[in-house]
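Have a look at the structure below, then the notes.
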Amino acid sequence: MSWYAANDRHLEASLARVRRRLERHTGNVGPAAGPPVASFEVEGRPPALEALAATFGLSSFERDVLLLAAGPDLGAAGFPAHPTFGLALAALDEPCWEALSPEGALRYWRLIELGPGEGLSAAPLHTAERVLHYLRGLEVLDEHLAGLAGWLPVPHSLVPSQASVAERLTAAWAQAMQAGTRLPVAELSGIEMEGKREIAAAAAQAFGLALLEVSAAVLPTAPAELEGLVRMLGREVALTRAAVFLDAQEPEMDAPREAALARFADAFRGILVVAVRERRRLGRRTVLPIDVEKPTAAEQEALWRTALGAAAAALNGRVETLTLQFDLSAAAIRSAAAAVLAAGAAGPADATELAATAWDACLRHARPRLEALAQRIRPAAVWDDLVLPE
């Protein structure tokens, strides 16, 4: 049996158990459920409902409230169209009022939503759409995060100098978890942006996590909106087993944006990596500062030769010149090498032409870094506009 089939059977059996509680409450006892399935776990992977309950620490009553709210949207028979918390307290086992408190897992992580109603117990309950997809085994990013966050790919490999940084990150996370303390914010500083992404992605993968990138530019400055984003991201990374990479590379931020960044770092409960050019104030949370440099000259030359393959020999010794003249990231070298290979594939090209293509590609990657340090002035007049006395 596949995991998806086992997950569906587990979800159906769990919904049937809640339906029997509702029938017992109304006195309309239906037919008995079928025989239980021996095990719903496939290859060590538990059903989605069990994984969700363990992730958020749900009690058996909270789990049944979640199922009660999800039943109508999942098309389960015998469920009221608009279930309420009052019904849950009356019909389900081990009722607990604290289950629907604002700080309880169901509402804090927005696993369920309250519709308009006459008081808390009469308000209709709805399971969040993201949670419904998760219960059915669908791996989809929350639609509310579309345009705000995206997954970072795991690099094929890292140069040794950057691999050691990734190992330092995973060691710090493991040490904090073993000590039972809150994980520090990893602050990666320097102008090497792509290297930071690759280091964070490699560290997350080594820790068994995916990596979700968010730009500091999209952080709301209003406290209530920021808190909503913090909880939504927290729910997402908990469901998908992920860490967050926060791009705060913008050289200057206004005071509200700086305050939002500090509040986000304080409030976010998961693993957080923040990429900055220079050190920033990240609230009261412990910070692990790490400087990220570009690959060393020897590592850059090795990257060129690996990316170019047989074309490196065709450049007739010019790889060393490129390494001496340009200080590029691993991603930039791979991109420039791709331009050289494309030029070679387009038709016959000698070493001089390939070297010119490589040089131009390197200039394109180096220029944005230079423009970040200086302002380009575009002339408003040309030579013919100059008027001089006879």
- Can you tell me which residue among A310, A349 is open to solvent by 50 Å² or more (accessible area, probe 1.4 Å), modelled with pLDDT under 85 and among the hydrophobic types (A, V, I, L, M, F, W, C)? A310
- Query: Based on what the data block shows, is Q162 of a type in the set (S, T, N, Q) and open to solvent by 30 Å² or more (accessible area, probe 1.4 Å)?
  - Reply: no
- For segment 155-176, indicate whether the set of residues that are touching a residue at least 12 places away in the same chain (Cβ under 8 Å), in contact with a Ser or Thr (Cβ under 8 Å, 6 or more places away or on another chain) and closer than 30 Å to E50 by Cβ is non-empty. no
- Message: Name the residue that is farthest from E118 (Cα to Cα), counting only residues in segment 64-76 that are open to solvent by less than 50 Å² (accessible area, probe 1.4 Å) and not small (G, A, S).
- Response: L74
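A quick yes/no check of all residues on (1) modelled with pLDDT of 80 or more; (2) under 30 Å from A186 (Cα atoms); (3) surrounded by 18 or more Cβ atoms within 10 Å (Cβ to Cβ):
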site	(1), (2), (3)
A314	no, no, no
S329	yes, yes, yes
A338	yes, no, no
R367	no, yes, no
- Item | Filter result for the condition that a residue is free of Cβ contacts under 8 Å to residues at least 40 places away in the same chain and either open to solvent by 30 Å² or more (accessible area, probe 1.4 Å) or within 15 Å of V18 (Cβ to Cβ) (or both), over F85, F79, F40 | F40
- Item | Complete set of residues in segment 228-269 that are at pLDDT 90 or above, open to solvent by 20 Å² or more (accessible area, probe 1.4 Å) and within 17 Å of the chain's Cα centre (by Cα) | R231, M232, A238, T240, R241, D247, A267
- Message: Whether any residue in segment 314-323 is at positive phi and either of a type in the set (F, W, Y) or without any contact (Cβ under 8 Å) to a residue 24 or more places away in the chain (or both) is what I want to check.
- Response: yes
- Note on the structure: Screening A105, A77 for residues that are more than 35 Å from the chain's Cα centre (by Cα) and not aromatic (F, W, Y) leaves only A77
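Listed here are the residues, each with its yes/no results for (1) over 21 Å from R110 (Cβ atoms); (2) at pLDDT below 90; (3) small (G, A, S).
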site: R130; (1), (2), (3): no, no, no
site: L138; (1), (2), (3): no, no, no
site: T170; (1), (2), (3): yes, no, no
site: S189; (1), (2), (3): yes, no, yes
site: R197; (1), (2), (3): yes, no, no
- Query: Any idea which residue in segment 96-118 is farthest from A267 (Cα to Cα), counting only those that are in contact with a Lys or Arg (Cβ under 9 Å, 6 or more places away or on another chain), free of Cβ contacts under 8 Å to residues at least 40 places away in the same chain and surrounded by fewer than 20 Cβ atoms within 10 Å (Cβ to Cβ)?
  - Reply: L114
- Inspect all residues belonging to segment 185-204 and state whether any of them is under 30 Å from A6 (Cβ atoms), without any contact (Cβ under 8 Å) to a residue 60 or more places away in the chain and out of contact with any Lys or Arg (no Cβ under 7 Å at 6 or more places or on another chain). no
- Inspect all residues belonging to segment 181-195 and state whether any of them is over 19 Å from L145 (Cα atoms), small (G, A, S), surrounded by fewer than 15 Cβ atoms within 10 Å (Cβ to Cβ) and out of contact with any Ser or Thr (no Cβ under 9 Å at 6 or more places or on another chain). no
- Message: Just the residues that are closer than 18 Å to H25 by Cα and touching a Gly at 6+ places or on another chain (Cβ under 7 Å), please, taken from segment 88-123.
- Response: S121, A122
- What is the one condition in (1) in contact with a helix residue (DSSP H, G or I) (Cβ under 6 Å, 6 or more places away or on another chain); (2) open to solvent by 60 Å² or more (accessible area, probe 1.4 Å); (3) modelled with pLDDT of 80 or more that R318 does not satisfy? (3)
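The values are calculated or read from the model by the stated rules, or taken from the named source; none is laboratory data. No experiment lies behind these values; they were computed from the predicted model shown. So basically every Cβ, Gly included, is an ideal-geometry build from the backbone, and we count neighbours across all protein chains shown. The area values use the complete protein model at the heavy-atom level, side chains included, leaving out ligands, DNA and RNA. Shrake-Rupley method; radii C 1.70, N 1.55, O 1.52, S 1.80 Å.
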